[in-house]
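Presented below is the structure to which this report refers.
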Amino acid sequence: MARIAGVNIPTNKRVLISLRYIYGIGPVKAHDICKTLGIPDERRVNQLSDDEILRLRELIDKDYRVEGDLRRENAMNIKRLIDLGCYRGLRHRKGLPVRGQRTHTNARTRKGKAVAIAGKKKVTK
């Protein structure tokens, strides 16, 4: 099992797919990495030589911000917004959607499970 950026990537999958298991590397960056190192798209991780794995590891460490560093940067950006007290920061603080979505209905992922209001009766017409 190859270990890159502190993540064990699956060995039986293609390199393009396996690289996506690293936080901060998606389809486009995975393709760019493979193209830079000259690794064919259909090559699997278990077919890589030790030299290729080493080059992969070095390239990702040198050129890309991934895993812990990226998570820390995202957390610091959110903390900065909260400390500023700007609108987006207040939405983060309250646990509401940040990017203008409606909250009258939906938004359950962000707001959590719906809580029933005691004593409220439906109005029928």
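The values are calculated or read from the model by the stated rules, or taken from the named source; none is laboratory data. Source: prediction; values computed, not measured. Here Cβ is always computed from backbone atoms with ideal geometry, including for glycine, and neighbour counts include all displayed protein chains. Calculation scope for accessible area: heavy atoms of the full protein, side chains included, ligands and nucleic acids excluded. Shrake-Rupley method; radii C 1.70, N 1.55, O 1.52, S 1.80 Å.
Given a Förster distance of 35 angstrom, what is the FRET efficiency for L90 paired with V28, based on the Cβ-Cβ distance and rounded to 0.05?
Working: r = 33 Å, r/R0 = 0.94.
Calculated transfer efficiency: 0.60.
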Quick check: convex hull over the Cα atoms of the chain, volume per residue in Å³, rounded to an integer? 194 Å³
Accessible area expressed per residue, region 32-125, with surrounding protein chains retained (probe 1.4 Å, Å²): 82 Å²
Within the accessible area of the chain, what % is carbon and sulfur when the probe is 1.4 Å and the other protein chains stay in place? 50 percent
Can you list the lysines whose alpha carbon sits under 20 Å from that of K62, skipping same-chain ones fewer than 8 residues off? K29, K35
So for the pair R80, K111, with labels modelled 7 Å out along Cα→Cβ, what separation do we get in nm? 3.1 nm
Relative contact order for region 1-93: what percent, with Cα pairs under 8 Å and sequence separation of 6 or more? 25 percent
What does the helix-only formula give at 222 nm for the chain: each DSSP H stretch with n ≥ 4 adding -39500 (n - 2.57), the total divided by the residues, and the result rounded to the nearest 500 deg cm²/dmol? -14000 deg cm²/dmol
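Report the gain in length on full extension from L59 to T36: 0.36 nm times residue separation, minus Cα-Cα distance, nm rounded to one decimal. List each step's numbers first, then the result.
Working: separation 23, 0.36 × 23 = 8.28 nm, distance 0.91 nm.
Taking 0.36 nm per residue and subtracting the Cα distance, the gain is 7.4 nm.
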Taking 0.36 nm per residue of separation and subtracting the Cα-Cα distance, what length does fully extending E73 through D50 add? 5.2 nm
Using a 1.4 angstrom probe and counting only protein chains, how large is the accessible area of Y23 in Å², to 10? 80 Å²
